[in-house]
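Below you'll find the structure, written out as structure tokens, and then a few comments.
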Amino acid sequence: MNLSLSSACCPQDIESQVEGQCGHAVIISGCPALYLGAFEVRDMANRLRAFTLVEILVVVIILGILAAIVIPQFSTASDEARESAVRSNLRSIRNQLQVYRVAHLNNYPDAAEFVRQMTTRTDADGAAGGTLGPYLQKIPTNAFNDKSSIGVEAGVTGLGDNSHGWHYDTTTGNFYADDSVGHAAW
């Protein structure tokens with residue numbers, strides 16, 4: 001075979017020199033377009049560029065470690081968001097209870113009529129159809145137990161037992177979260 005390879009600078013140059021010869025290909029370093037028997041040099045180069053099993057395992061382990069660090073922070077953030085929502089709802093409801101008390105001759109809403117008296121217009125005696133209120137659009141949902149019901153009782157019996165979303169003490173006018181004893185202390 002009479003081939004001048006030193007002058008070939010790219011695969012096309014070499015292929016043009018090899019064309020018409022005996023059909024065997026020549027491999028030259030840096031020329032991935034030429035053939036060696038049944039294997040293409042391009043395939044060999046791709047094999048050399050592929051990731052090994054060890055490299056893939058290292059990446060998977062690193063990703064696992066990162067996930068183990070990050071995921072607990074998301075769960076903490078969601079608990080903090082729920083706590084913030086409950087505290088905000090408590091602050092709003094307590095403020096509106098004070099506004100109700102001032103507008104209704106120093107009386108808090110009645111136990112049996114709490115939701116109606118807080119969410120509709122009432123008169124100074126708390127009867128429906130007046131010009132006062134509404135103080136709340138609706139009773140908010142407790143973010144920890146997804147309940148918006150209110151346990152209305154005189155005193156703190158059952159407070160924090162998770163039977164309702166909220167607890168209203170008719171004797172003092174205090175309003176609490178009812179999802180746990182710890183949150184009831186807010």
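Treat the count of other C-beta atoms within 10 Å as a stand-in for reagent exposure and order Asp169, Asp161 from fewest to most.
Asp161, Asp169
Please check which bits of the range 139-173 a label hung off Ala111 would reach, taking the label as a point 7 Å along Cα-to-C-beta and the cut-off as backbone N under 17 Å.
150-160, 164, 166-173
Please list the non-local residues whose amide H lies under 5 Å from the amide H of Ser148, H modeled 1.01 Å from N, same-chain partners needing a gap of 5 or more.
Here the answer is Asn142, Gly165, since their amide H atoms fall under 5 Å of that of Ser148.
Using the basic label-point model (7 angstrom from Cα toward the beta carbon), what is the Asp146 to Asn95 distance in nanometres?
Distance between label points: 2.9 nm.
Counting Lys +1, Arg +1, Asp -1, Glu -1, what net charge surrounds Lys138 among other residues with beta carbon under 15 Å of its beta carbon?
Computed value for this residue: +2.
Tell me, what ³J(HN,Hα) does each residue in the range 93-107 have, in order and in whole Hz, if you take phi through Karplus 6.51 cos²θ - 1.76 cosθ + 1.60 with θ = phi - 60° and put x for Gly and Pro?
5, 4, 4, 5, 5, 5, 4, 4, 4, 5, 6, 10, 6, 6, 10
Please figure out what share of the DSSP beta bridges in the range 62-182 is antiparallel and state it in percent, rounded to the nearest 5.
So the antiparallel bridges in the range 62-182 amount to around 55 percent.
Bear in mind that the values in this text are calculations on the coordinates, not laboratory data. Computed from a predicted model, the values in this text were never measured in an experiment. Here Cβ is always computed from backbone atoms with ideal geometry, including for glycine, and neighbour counts include all displayed protein chains.
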